[in-house]
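This report concerns only the one structure given below.
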Amino acid sequence: MNWEPIRKSREDQVVPPHLLDYAEACATFSWESIRRELSGLPGGKGLNIAYEAVDRHADGARRDHLAIRWLGREGLVRDFTYGDLKALSNRFANVLRWLGVGAGDRVFALAGRIPELYIAALGTLKNRSVFAPLFSAFGPEPVAQRLMRGDAGILVTTKRLYTQKVAHLRERLPQLRYVLLTDAPDDADDGLLSLPRLMEAASEVFIIPPTDPEDMALLHFTSGTTGMPKGAIHVHNAVLMHYATAKYVLDLHPDDIFWCTADPGWVTGTSYGIIAPLTHGVTNIVDEADFDADRWYRILESQKVTVWYTAPTAIRRLMRLEIEPRKQYDLSSLRLVHSVGEPLNPEGVVWGQEALGLPIHDNWWQTETGGIMIANYAAMDIRPGSMGRPLPGIEAAIVRRIDGTGAQVVTAPNVEGDLALKPGWPSMFRGYLHDEERYRSCFVDGWYITGDLAMRDEDGYFWFVGRADDIIKTAGHMVGPFEVESAMMEHPAVAEVGVIGKPDPIIGELVKAFVTLKPGFEPGEKLRMELLGFGRTRLGSAVAPKEIEFEEHLPHTRSGKIMRRLLKARELGLPEGDLSTLEETR
Ligand code: ATP
Ligand code: MG
């Protein structure tokens, strides 16, 4: 099905968007001018993410503006102004300094979305130490692996998580000097300290030391969708990207109330759940609880969220419920909805238009890119199913690898190839932790090869085809799982689909779809035949699934992505590989 473009214009925007004319924005864009919109450390002492996110507002007119509103799982609400955040992050930075933690030292966090996590992140950056967040639902082994690989010297966590996941592995972590417990009133021993006690004793005054924009700031592990998670290194200069994308893509304005649903254990939850909104001095909502449709709609309503950043996995979960959000909730404050993390099926974009009264703006980026690279903008027409166009200042292209060595830009439109980016943007990763060779292998002929396949249409919109690892070669065709999944999603019974290539002696690989059904639909032979037929009508017999299997759940990463490699390994009876990021069945 060809989806009609969703027309967007300046007139239908409640607030005039920052990016009005894409061509002009691209022509006039420069990183220098973005840098000038930031403050820089006083006295020309460099650039520090936490200063741009907190102190420059706390020292100015937005001192008393609400920076973070924290919504506790049980209904408790805690508010932090920019002034509060400055004082608390200063205290945390002083705690680190007092413990002898310095520039470049790794400070890990293993916690749910509690206020201390946000304070620790900002205080760590102020101290020029490196903040490395871990997702709190990781099991003990993935935690230990990451702490070891990341040379963790400090860990901020809770009593419960420490006891469950770290205590018994402590002897394997000799470099872990201190564990700071956010909820322990007293120190347990010399290495297991009470964070509240340390915070209490620390001064509220902290002068951020000179920070080179190239100083390491963040260490993020990738989602592990395609294999063993990699540790991506980011520097303070990334704040230019956080700020620029929050301006041009998220379209933040001073009165906005922004909510990013991602957990800071993943790059989205740190770049956009902490840093980017704060660089604009807006109010950032943090919800401690996990996905719950009613709770989420009530947050949008009661907090009067204006800009919402979420993920396809959540959108698909909302889509399958029989809730009519606009009838049941007052969503009138909402003006923009964005999504990242996985391909957003056109069905999802259009669902937003109908159910929320707003289309969903898909954008594309990776842990490695540190910030949004390709996006749909507030004032730009949306082509459902497309990731949009590159951010001004970002050069993206489709390239063809030649004999596995060189890379050639494909200039013709609508040709599939490797999605590549011209290196040099401020938040580009500076390395994979302890894997220089892998890092170097990402760059070919002056391009960063993303590992995703895509195509670009005649108007410069990019369309996701699939991860290079997931592409299916069937009877001489290259088939991207996304195209097949999106088509199958159009069937009213289908809630979610994961598509893989299954080795076949005659056609190379055959397209196999794993399908979960919406409530009220029963798996069975009749529905299977109907779906096979539906696929053939939509996609043609060369591309349509030849096999369909009904599943109660598809395997997802903890960040919500369908793990096709696991569907495939299970189908073929092969080793399942790294499962540290596999979500428990939901
Ligand atoms: P790993 O690299 O460990 O296999 P991962 O690639 O899932 O895991 P992330 O960096 O969290 O780790 O995810 C980035 C990837 O997610 C992208 O390379 C792309 O495959 C996918 N992705 C993100 N946003 C989009 C989008 N809007 N459309 C399509 N794919 C997307
Ligand atoms: Mg990846």
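For the reader, a short list of remarks on this structure follows.
- Of the strands (runs of 3 or more DSSP E) lying entirely inside region 20-128, the ones with 2 or more residues being in contact (Cβ under 8 Å) with a residue 60 or more places away in the chain are found at 66-71, 106-110.
Yes/no per residue for (1) in contact with an Asp or Glu (Cβ under 9 Å, 6 or more places away or on another chain); (2) in a loop (DSSP other than H, G, I, E, B); (3) touching a residue at least 40 places away in the same chain (Cβ under 8 Å):
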residue: 349; (1), (2), (3): yes, no, yes
residue: 400; (1), (2), (3): yes, no, no
residue: 418; (1), (2), (3): yes, no, yes
residue: 423; (1), (2), (3): no, yes, no
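- Among the residues making up region 351-398, those that are among the polar types (S, T, N, Q), touching a Gly at 6+ places or on another chain (Cβ under 9 Å) and either assigned to a strand (DSSP E or B) or more than 9 Å from ligand 1 (Cβ to nearest atom) (or both) are 363, 376.
- Candidate set from region 460-479 (those that are outside any strand (DSSP E or B), in contact (Cβ under 8 Å) with a residue 60 or more places away in the chain and more than 16 Å from ligand 2 (Cβ to nearest atom)); member that is farthest from residue 373 (Cα to Cα): 475
- Residue identified as farther than 21 Å from residue 19 by Cβ and within 16 Å of ligand 1 (Cβ to nearest atom) among 342, 288, 322: 342
- Filter result for the condition that a residue is among the small types (Gly, Ala, Ser) and outside the structural domain of residue 231 (by TED's automatic domain parsing), over 431, 417, 466: 466
- Residues of region 305-322 that turn out to be in a loop (DSSP other than H, G, I, E, B) and not polar (S, T, N, Q), as a count: 5
- Just one of the listed residues (468, 454) is of a type in the set (A, V, I, L, M, F, W, C), over 20 Å from residue 556 (Cβ atoms), within 16 Å of ligand 1 (Cβ to nearest atom) and surrounded by fewer than 17 Cβ atoms within 10 Å (Cβ to Cβ), and it is 468.
- Of all residues in region 268-290 being assigned to a loop (DSSP other than H, G, I, E, B) and at pLDDT 95 or above, the one that is surrounded by the most Cβ atoms within 10 Å (Cβ to Cβ): 282
- Selection count where residues are more than 14 Å from residue 213 (Cα to Cα) and not hydroxyl-bearing (Ser, Thr, Tyr), scope region 229-245: 5
- Hits in region 482-514 (condition: farther than 17 Å from residue 539 by Cα and either of a type in the set (S, T, N, Q) or in a strand (DSSP E or B) (or both)): 495, 496, 502, 503, 504, 508
- Residue match in region 237-260 (condition: under 20 Å from residue 557 (Cβ atoms) and of a type outside the set (A, V, I, L, M)): yes
- Among the residues making up region 307-323, those that are over 22 Å from residue 268 (Cβ atoms) and in contact with a helix residue (DSSP H, G or I) (Cβ under 7 Å, 6 or more places away or on another chain) are 321, 323.
- Test: residue in region 566-581 that is among the polar types (S, T, N, Q), closer than 27 Å to residue 530 by Cα and modelled with pLDDT under 95: no
- Check on residue 330, in a loop (DSSP other than H, G, I, E, B) and either outside the structural domain of residue 492 (by TED's automatic domain parsing) or buried (at least 16 other Cβ atoms within 10 Å of the Cβ) (or both): yes
- Total residues in region 153-180, condition closer than 24 Å to residue 274 by Cβ, of a type outside the set (Val, Ile, Thr) and more than 23 Å from the chain's Cα centre (by Cα): 9
- The selection criterion, being more than 16 Å from ligand 2 (Cβ to nearest atom) and free of Cβ contacts under 8 Å to residues at least 40 places away in the same chain, holds for residue 197.
A quick yes/no check of all residues on (1) farther than 22 Å from residue 236 by Cβ; (2) buried (at least 21 other Cβ atoms within 10 Å of the Cβ):
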site: 95; (1), (2): no, yes
site: 98; (1), (2): yes, no
site: 107; (1), (2): no, yes
site: 111; (1), (2): yes, yes
site: 121; (1), (2): no, yes
site: 130; (1), (2): no, yes
site: 133; (1), (2): no, yes
site: 140; (1), (2): yes, no
site: 148; (1), (2): yes, no
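- The set of residues from region 16-46 being of a type outside the set (D, E, K, R) and touching a Ser or Thr at 6+ places or on another chain (Cβ under 8 Å) comprises 38, 41, 46.
- Test for residue 344: is it part of a loop (DSSP other than H, G, I, E, B) and outside the structural domain of residue 494 (by TED's automatic domain parsing): yes
- For region 426-451, the tally of residues that are under 20 Å from the mean Cα position of the chain (by Cα) and away from ligand 1 (no atom under 14 Å from the Cβ) stands at 3.
- Selection within region 523-551 - modelled with pLDDT under 95, at negative phi and in a loop (DSSP other than H, G, I, E, B): 541, 542, 543, 544
The values are calculated or read from the model by the stated rules, or taken from the named source; none is laboratory data. It should be emphasised that the depicted structure is a prediction, and the values quoted were computed from it without experimental measurement. We place every Cβ from the backbone using ideal geometry, glycine too, and count neighbours over all the protein chains shown.
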